[in-house]
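No value in this document is a laboratory result; all are computed from the given coordinates. Nothing here was measured: the structure is a model prediction, and the numbers come from that model. A quick note on method: Cβ atoms are made from the backbone with ideal geometry, for glycine too, and the neighbour counts reach across all protein chains shown.
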Protein chains: 2
Amino acid sequence: MIGGGQLARMTHQAAIALGIGFRVLAASPTESAAQVVADTVVGEHDDPAAVLAFARGCDVVTFDHEHVPREILQQVLDLGVAVRPSPDALHFAQDKAAMRQALTEMGAPVPQWAVVESASQAEPFGERVGWPMVLKTSRGGYDGRGVFVVRDSAEAARVMERPLAAGAVWLAEEWVPFEAELSAQVARSPQGQAVSYPVVRTVQTNGICTEVVSPAPGLPPEVSAQAQELALRICDRLGVVGMLAVELFWTKDGVLVNELAMRPHNSGHWTIDGAATSQFENHLRAVLDLPLGAPDPVADHTVMVNVLGGDHPDLYSAYLHVLARNPRLHLHLYGKSVRPGRKQGHVTVCGPSLPELLHEAHHAADYLTGVVDE
Amino acid sequence: MIGGGQLARMTHQAAIALGIGFRVLAASPTESAAQVVADTVVGEHDDPAAVLAFARGCDVVTFDHEHVPREILQQVLDLGVAVRPSPDALHFAQDKAAMRQALTEMGAPVPQWAVVESASQAEPFGERVGWPMVLKTSRGGYDGRGVFVVRDSAEAARVMERPLAAGAVWLAEEWVPFEAELSAQVARSPQGQAVSYPVVRTVQTNGICTEVVSPAPGLPPEVSAQAQELALRICDRLGVVGMLAVELFWTKDGVLVNELAMRPHNSGHWTIDGAATSQFENHLRAVLDLPLGAPDPVADHTVMVNVLGGDHPDLYSAYLHVLARNPRLHLHLYGKSVRPGRKQGHVTVCGPSLPELLHEAHHAADYLTGVVDE
């Protein structure tokens with residue numbers, strides 16, 4: 001797995017159970033996964049020599065993030081090592097303009113969108129879809145970075161003064177007044193076997209996922225089925241192998257695709273404790289062309305809340321209280337140094353009472369980060 | 001954790017979630033845990049220099065087996081590093097004569113027993129309790145090694161010709177005609193918090209645990225309560241910190257203590273997939289003096305079956321079939337080379353129908369080991 005963040009760290013837990021050799025390419029020996037994975041190679045994901053040295057001896061290379069340049073992945077393929085998802089599929093997760101184009105061509109519901117090269121092109125788009133609208137860089141953004149909600153053409157012009165990453169363009173999109181944000185996750189293997197997890201409700205705060213509820217509360221069965229079918233269709237059409245997360249806006253008229261991620265995703269962390277097979281295990285099974293595990297939930301409701309870096313420099317000072325308060329709380333810490341707003345870990349609770357689970361999970365996260373102290 | 005076997009390997013999975021630094025002392029870099037734990041130190045558990053070098057910088061030292069000599073543990077304590085369970089407590093897991101004595105003194109139900117120094121002492125004991133009877137070495141045995149069922153005094157004499165490990169004595173015990181074997185597991189922290197897992201039924205084949213069913217089928221609630229209370233009392237009286245497994249014979253007259261293990265135990269592997277908190281996580285929480293997690297089962301029934309090395313030199317050849325047949329099967333492989341009878345892994349299934357779970361788990365284990373091929 002290229003990338004040594006928490007996704008690789010949690011994938012290691014699944015690899016241990018499956019008895020699979022698991023090697024990580026981490027940017028430093030202190031990264032989240034590098035701390036725990038025995039077979040860690042230190043190197044940058046955009047350094048061809050480092051990636052090739054890492055890949056030699058692997059059966060399959062997969063990812064903890066989407067940032068590996070396509071040219072490097074082609075060199076990995078040239079070594080005779082499988083890359084899953086393939087560079088062709090991954091392209092649609094790396095480039096939002098390509099993703100919008102592909103989804104539009106396959107008839108998937110998406111917000112109105114256009115590639116805009118200048119503020120003078122952005123303005124008529126904004127007038128047509130209505131303000132505020134959204135401006136996004138097509139490449140290089142994550143966790144809300146590179147996404148801007150602009151209220152008028154002057155603000156659009158200011159945003160578009162920012163430099164773009166190499167190969168990136170500006171994407172203008174209608175701002176969607178959603179009922180809720182959803183995520184539909186599926187796993188797909190090279191031979192086309194696929195499983196679909198329950199559709200979950202996600203809450204983003206400042207562009208970062210902060211809460212996931214599975215299954216999405218109040219979602220009509222037909223909308224849930226529509227979302228799952230859509231995710232399976234996208235997976236198949238784009239040739240995705242591994243986990244695919246389709247982030248969706250749920251509106252009065254149905255669902256619209258917001259983003260795609262071709263790897264384990266924050267919206268699926270709940271599956272470690274709340275599903276028969278975790279997204280990390282199914283990602284491994286899929287990229288290794290093994291039969292997939294059941295995605296069934298193990299409880300009526302599961303709530304996952306992210307622990308973001310806050311005022312407490314040391315999460316462990318709050319650890320005792322949080323574990324003592326709720327012996328059914330599942331704590332997952334990533335071993336990362338605390339920086340405000342940085343994902344440090346997550347908590348998960350499963351059970352029959354959704355209001356109680358929401359209260360408990362948020363209390364634990366807030367206590368760990370110093371938002372509450374009792 | 002001293003010892004690099006599968007118990008340390010699975011404890012690592014729990015340490016990753018808790019965000020705890022986890023170091024292993026493994027006998028070789030290819031041992032089960034050494035393959036996956038980033039912070040592995042290679043050295044022998046009975047080499048004082050290796051153990052002390054390993055222990056330096058640890059907050060707490062704990063165990064994947066009971067074989068570390070007491071003198072070495074004393075030196076670890078002298079470094080100022082906590083040893084949990086303590087050498088005093090661990091003594092009762094290392095020495096079965098000391099264990100029998102302590103249990104007898106506290107009034108715990110045990111089979112009739114005696115230390116016998118010669119065949120001429122063993123014979124009258126056998127005459128008194130009835131043949132067959134059991135001869136055991138007090139030290140150095142595990143997985144049925146060092147335990148002999150003898151039918152008469154001639155056989156007893158032959159067994160007692162075997163050399164004893166250093167410090168060991170022969171223990172004679174009545175052979176107990178049990179209804180079933182049980183295991184009662186508890187976790188206890190230094191400040192005395194304890195949790196008790198459901199009492200499970202275990203099946204040993206040639207002295208090796210092969211099947212665990214949780215909760216123990218048909219066990220009357222009062223016998224289950226008696227077993228749990230007994231395990232908690234032993235834990236408290238012997239000052240155990242961490243996981244304690246009390247292996248029991250269930251007879252028409254109640255329960256009798258067979259063995260003790262002061263670490264995660266094969267009879268608790270089902271807790272990874274079948275309980276709110278696994279035995280590995282609770283062992284870590286206990287030895288680190290953290291609040292303990294809930295031991296509640298997550299399904300009506302959970303069945304764990306060990307995968308022992310068989311005729312297939314490569315377990316992975318059967319892997320595809322087993323995963324495809326049952327997407328709800330939890331597979332745990334230990335990364336060990338295949339030797340006949342060696343524990344290679346285990347499978348777990350959870351659900352409402354016990355007969356179905358037993359069938360599925362045994363089929364998977366039998367298929368993996370080549371006992372069945374369809």
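Just a few scattered comments:
- Farthest towards the positive end of the charge dipole of the stretch B:161-290, among the residues B:265, B:287, B:209, is the Cα of B:287, using unit charges on the Cβ of Lys, Arg, Asp and Glu.
- For a label point 7 Å along the Cα-to-beta-carbon line of residue B:88, residues of the stretch B:235-250 with backbone N under 16 Å: B:235-242
- Computed from the Cβ-Cβ distance with R0 of 45 Å, the FRET efficiency linking residue B:317 to residue B:112 stands at 0.40.
- When the Cα gyration tensor is reduced to axis lengths a ≥ b ≥ c, the ratio a/c is 1.5 or higher for the stretch B:69-206, and with a/b not above b/c it is classed as oblate.
- Each Lys and Arg contributes +1 and each Asp and Glu -1, all at the Cβ; summed about the Cα centre of the stretch B:61-182, the dipole is approximately 140 debye.
- Since only B:160, A:231, A:194 are under comparison, the one whose Cα sits farthest along the positive direction of the charge dipole of the protein assembly as shown, derived from C-beta charges on Lys, Arg, Asp and Glu, is B:160.
- Cβ-based exposure ranking for A:224, B:267, A:28, in which fewest neighbours within 10 Å come first: A:28, A:224, B:267
- Kirkwood Rh in Å, taken over all unlike Cα pairs in the stretch A:223-279: 12.2 Å
- Most mobile of B:20, B:234, B:208 in a GNM of chain B (Cα contacts under 10 Å): B:20
- Cβ-derived FRET efficiency at R0 35 Å, residue B:39 paired with residue B:180, nearest 0.05: 0.30
- Backbone N atoms of the stretch B:195-233 closer than 17 Å to the 7 Å Cα→Cβ label point of residue B:300 belong to residues B:213-219.
- The stretch between residue B:237 and residue B:251 holds 2.6 nm of extra length on full extension. This uses 0.36 nm per residue minus the Cα-Cα distance.
- Order of A:316, B:319, A:197, A:334 - criterion: other Cβ atoms within 10 Å of each residue's Cβ, fewest first: A:316, B:319, A:334, A:197
- Dipole magnitude of the stretch A:6-83 about its Cα centre (Cβ charges: Lys, Arg +1; Asp, Glu -1), debye to nearest 20: 240 debye
- Förster radius 60 Å - calculated FRET efficiency between residue A:289 and residue B:121 (Cβ-Cβ, nearest 0.05): 0.45
- Orientation-averaged projected area, Cα convex hull of the stretch B:199-245 (nm²): 4.0 nm²
- Dipole magnitude for the protein assembly as shown: about 620 debye, using +1 per Lys or Arg Cβ and -1 per Asp or Glu Cβ, origin at the Cα centre.
- Cα-based shape type of chain B, given that a ≥ b ≥ c are square roots of the gyration tensor eigenvalues and the cut on a/c is 1.5: rounded
- Percent RCO, i.e. relative contact order, over chain A, from Cα pairs under 8 Å lying at least 6 residues apart: 13 percent
- Extension gain for the segment residue B:206 to residue B:324, taken as residue separation times 0.36 nm less the Cα-Cα distance, is 39.4 nm to one decimal.
- Cα-based shape type of the protein assembly as shown, given that a ≥ b ≥ c are square roots of the gyration tensor eigenvalues and the cut on a/c is 1.5: prolate
- For the stretch B:166-252, averaging the sequence separation of C-alpha pairs within contact (under 8 Å, six or more residues apart) and dividing by the residue count gives a relative contact order of 41 percent.
- Calculated mean residue ellipticity at 222 nm for chain B: -9500 deg cm²/dmol, from DSSP H runs with n ≥ 4 weighted as -39500 (n - 2.57), summed, divided by the residue count and rounded to 500.
- Translational diffusion of the stretch A:112-174, estimated by Stokes-Einstein from the Kirkwood radius over alpha carbon pairs at 10 °C in a medium of 1.306 mPa s, is 140 µm² per second.
- When the Gaussian network model of chain B links Cα atoms closer than 10 Å, the mean-square fluctuations of B:71, B:174, B:211 top out at B:71.
- The stretch B:273-374, relative contact order in percent, only Cα pairs under 8 angstrom and at least six apart counted: 33 percent
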